[in-house]
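In what follows, a single structure is set out as structure tokens and then discussed.
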Amino acid sequence: MADLSINLAGIKSPNPFWVASAPPSNTAYQCHRAFEAGWGGVVWKTIGDPIVNVSSRYSSHNIGGIRMVGFNNIELISDRSPETNFREIEECKKRWPDRAVIASLMTDTREHWHDYMKRSRDCGADGVELNFGCPHGMCERGMGSAVGQNPDVIETIVGWVMEAAEIPVIVKLTPNITSVAHAARAAKRGGANAVSLINTINSITQVNLDTMCPEPYVAGRSTHGGYCGPAVKPIALNMLHEVASDPEVGLPISGIGGISNWKDAAEFIALGATGVQVCTAIMHYGFRIVEDMIDGLNDYLDSKGMKSVSDMCGKAVHSVNKWETLDLNYKRVASIDYDKCIGCNLCYIACEDGAHQAIGLVKPTTQGLGPGRLPGKPIPEIKEDHCVGCNLCSLVCPVDHCITMVDVKTGGKPMSWKDYQAALVAGKMKPIPAHP
Amino acid sequence: MKLKPLISARQAAANMAELEPKYTPQEALVEADRCLYCFDAPCIMACPTGIDIPSFIKKIANGNLTGSGRVILQANPLGGSCARVCPTSALCEGACVMLDRDEKPIKIGRLQRYATDHVFENKIKVLEPAAKKLGKSVAVIGGGPAGLGCAAELAQLGYDVTIFEKEKQAGGLNTYGIAYYKLRPEDSLAEVELVKSLGVKIKTGVEVGRDIKVAQLEKQFDAIFVGIGLGRTYRLGIPGEDLPEVFEALDFIKLLHTQPLHKVPVGKRVAVIGCGNTAIDAVTQSKRLGATDAVIIYRRGEKDMPAYPYEYEIAKADGCAFLFHTVPVEVVSEKGRVTGLKLARTRTNAQGKLEVVKGSEFIEPFDMVIKALGQEPQAVLLKKLFPKVKLNKDGTVIRSGESGQTSLKHVFAGGDCANGGREVVNAVGEGKKAARGIHKWLTGERVAGPIQATRLGVAGPPFGSGLDKPVRVPELEAEYFGKK
């Protein structure tokens, strides 16, 4: 049994799974349910001066039969009063002293920030998260992503907050920015204790072709909303790595963005997150999903002989490098397991039209037919001399482990683009001929 | 006793409800999304009309139902009835790669029905007559699946086509001879209308040879297509065969298609002789029309039956009974009315031949007997219409597998009269092939198949659709076929 507990900038929780600041963390009732299910922490739905929401707030991007591959929302921060929210946080914290409860905050003036920081401490919150990320609604009023998109403003406001901070401060960063590392550095300069990322991405999920109005539809109009869910995971991982590998940041990170299961969470932790936050998966399936997150992560750590979550934190950060450092002499080619091939020929057409014309369709007599039944069914064959090892065929193949990519010994010593350029300048080698 | 209808209109409607109703939009979407969209898909090769199945399924998944219906009906104007009656597990669905992934094949038949129903129910025009007429004309004898398949293809190529159909309505067995719970006459007639909408003239109630002479057709038309199907059911050759309660299976099924179901007379104890797919249609429908007992009588064993396994399952589920290794010896009657069958047991002897067991006769009470022994080839009719045409020993007409051309250059043939009795989809495919054969013969032009992904790299003889070898990339095809 591995130790799943984490300590993020002084905020302790029994496991790395927190409910993100969002509709699932709107009330004490929901937080009780989350903690009962096993969540390690809850970041409260952002508290600020009361707002009014619209009806019709969410929309989704479905692919094939899969619902909510991507999800967006135009809901604003909490529509409950700060008094109610702080009171409920206090109740929650009393009932669940071992769990982390973090107050998410969004306000404007220095005085207001000081006030909210004091009330957060007074209600017993373990820390605060500054919402500098919301890309819809609040940014039009100079808050949310309007702050997060301007490093100078981030630094100034974090500075104000830190003047009154007696509990750890996490700054939540927006992905709607050219370089998230610059925003993280500003948070660091302002004195923040940690950062969390990513907030939602600006998006329009779909246009209704009958009404010519995108979703979510609000009385004949729509607006751009914050995008999240499984589809944003790759973007979130990249931004996480940018911040985790930046020597000027050096802050603990709470990872957010499309995390749906223990595997996603483990990947975030491997790329430098101390813990993770989850929202869309809860909105889809409920708090119960945390059971397998805990179970799966624990089993994984045990299987790898790791004693704690912190053992794996950041383990993959150093394997991500600039393109120019990659080995040009590394080669792999596709290999088809004909016992598994079902003859769909998706690999063939993908390679033929979409890649490098390195797969032929041949008569099955030359390769055997696997489990196929049609005697004349042509089957794919890799032309190894044409294969550049791009992986495409193995990605489109609908059968697990049917097409694998196999390392090929080239005999060449590892040589990066950088090495190559240096060798050219030094006259040590001739230019590699262009691909025909 | 004179046979009477046994059930009410409401019971009839319930009993004859479709076995596989139309998918709901949600069901269709879920099923369509399962399709892998194979390239050079084996299901296409397994379809005798070469429907681009992955393409029409993808269109359903993409919410383009009209386009989906167009893909189907362009390749097969009887795509709606084929969707219902095709033995898909032996054709497209039997070739689905999902089977190799240990999953259920995509329900191609039901998806095809979903798309074609959309087109027919909403009266959407998906096929257009040829923009340019060729000024040539073709007579089609027989308005069944082969004739309709041929006529639709010819019309789209620019020919003036006239179908001569002896029945009151065209569609052949699709209109008159398929179990009601699989295909309704109105669905078949919708397809007849589709063919008509391409400019094809259909003269119903006209029997060639009786109402119009072949010589006249030869004078009036540039070519003739013969799709006259099969003849009467084989005779039993036993006493009592011509009693009024002894029916040919197709005549019985025709009764269901030409009057309200609750008016169809049926026996209380019905014997069906034979165990092919038509026998199953007859026995299940007797049961569903109210027969207390409906029994298949088959001279061989369970393993030998020509009916598809899923047809057998339908009959068993309907509570039909089976007397295997049994032959009828005599139709027993009283006062001119059928009262039973004298039956005898059979066995396979040491030489492997089927023989009747001596002294095994017994009488079973029945008040209706349906003969479903298969149909005779049309040798007599073919010789009467075309005295010089060459026939096979089995009475089918000799024709080129590629073009449908018979020993008479201007006469082409397809469907049951040429293949001896196969599926509806084979008949449509052969009609379509013959249309292209006629076009090549009359104009010297070869019809380029629809540009679809098929059979690239297969040098062997055509199987499955057997349509002209589709060419995707001509020079690649040439390269592959050249190597042989």
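Brief remarks follow.
- The P(r) of the stretch A:46-181 has a tail past 19 Å containing 55 percent of all C-alpha pairs.
- Taking 7 Å steps out from each Cα toward its Cβ at A:Y300 and B:D304 produces label points 6.3 nm apart.
- Residue by residue, the stretch B:339-345 carries 3J(HN,Hα) couplings of 10, x, 10, 8, 10, 9, 7 Hz when phi is fed to the Karplus relation 6.51 cos²θ - 1.76 cosθ + 1.60 (θ = phi - 60°); x denotes Gly or Pro.
- Bridge type composition, the protein assembly as shown - antiparallel percent by DSSP, nearest 5: 45 percent
- Computed log₁₀ I(q)/I(0) - Debye formula, equal Cα scatterers, no solvent, the stretch B:246-371, q 0.17, 0.19, 0.20, 0.21 Å⁻¹: -0.85, -1.04, -1.13, -1.22
- Within 10 Å of the Cβ of each residue in B:31-38, the mean number of Cβ atoms contributed by other protein chains is 4.
- Fewest-first ranking of B:H262, B:H257, using other Cβ atoms within 10 Å as the exposure measure: B:H262, B:H257
- By average C-beta atoms within 10 angstrom, highest first, the peptides A:319-330, A:178-189, B:377-388: A:178-189, B:377-388, A:319-330
- Cα-based convex hull volume of the stretch A:100-148 per residue, rounded to whole Å³: 68 Å³
- Order of A:E83, A:E155 - criterion: other Cβ atoms within 10 Å of each residue's Cβ, fewest first: A:E83, A:E155
- Normalised radius of gyration (Cα atoms, divided by 2.2 N^0.38 Å) for chain A: 1.14.
- Residue-averaged beta-carbon neighbours from other chains (10 angstrom radius) around B:397-403: 0
- Diffusion constant of the protein assembly as shown at 4 °C, which comes from Stokes-Einstein with the Kirkwood Cα-pair radius and 1.567 mPa s, µm²/s: 39 µm²/s
- When shorter helices are ignored and each DSSP H run of at least 4 residues is given -39500 (n - 2.57), the per-residue value for the protein assembly as shown at 222 nm works out to -9500 deg cm²/dmol.
- P(r) weight above 19 Å for the stretch B:147-225, C-alpha pairs, percent: 40 percent
- Take each peptide in A:220-227, B:343-350, count the other Cβ atoms within 10 Å of every residue, and average; sorted highest first, the result is A:220-227, B:343-350.
- Share, in percent, of DSSP beta bridges within chain A that are antiparallel, nearest 5: 50 percent
- Average beta carbon contacts from partner chains per residue of A:395-406, 10 Å cutoff: 1
- Under the criterion of Cα pairs below 8 Å and six or more residues apart, the relative contact order for the stretch A:6-317 equals 18 percent.
- Distance from the stretch A:156-223 to the stretch A:21-62 (C-alpha centre basis), Å: 16 Å
- Summary of the geometry: the stretch B:54-121 and the stretch B:168-188, compared by the centres of their Cα atoms, lie 20 Å apart.
- Given in Å, the Rg to one decimal and the Dmax to the nearest whole number for the Cα atoms of the stretch A:244-323 are 13.4, 40.
- In plain terms, the residue of B:C43, B:C150 with the fewest other Cβ atoms within 10 Å comes first and the most crowded comes last, giving B:C43, B:C150.
- One quarter of the surface of the convex hull around the alpha-carbon atoms of the stretch B:19-121 equals 5.8 nm², the direction-averaged projected area.
- For the pair B:A90 and A:H114, label points projected 7 Å from Cα toward Cβ lie 8.9 nm apart.
- Ranked packing of A:141-153, A:8-20, most packed first, by mean Cβ within 10 Å: A:8-20, A:141-153
- Two-decimal log10 I(q)/I(0) for chain B, as the Debye equation yields it once each C-alpha is a single scatterer, q = 0.08, 0.12, 0.13 Å⁻¹: -0.51, -1.12, -1.28
- Share antiparallel - DSSP beta bridges, the stretch A:57-200, percent rounded to 5: 30 percent
- Rounded to 10°, Cα long-axis angle of helix A:180-190 versus longest principal axis of chain A: 30 degrees
- Using a Förster distance of 45 Å, the FRET efficiency for B:K393-B:V357 (Cβ separation, nearest 0.05): 0.90
Every number in this text was worked out from the coordinates using simple rules, so none of it is lab data. Everything numeric here is computed off the predicted structure, so don't read it as measured data. Ideal geometry is used to build each Cβ from the backbone, glycine not excepted, and the neighbour counts take in all protein chains shown.
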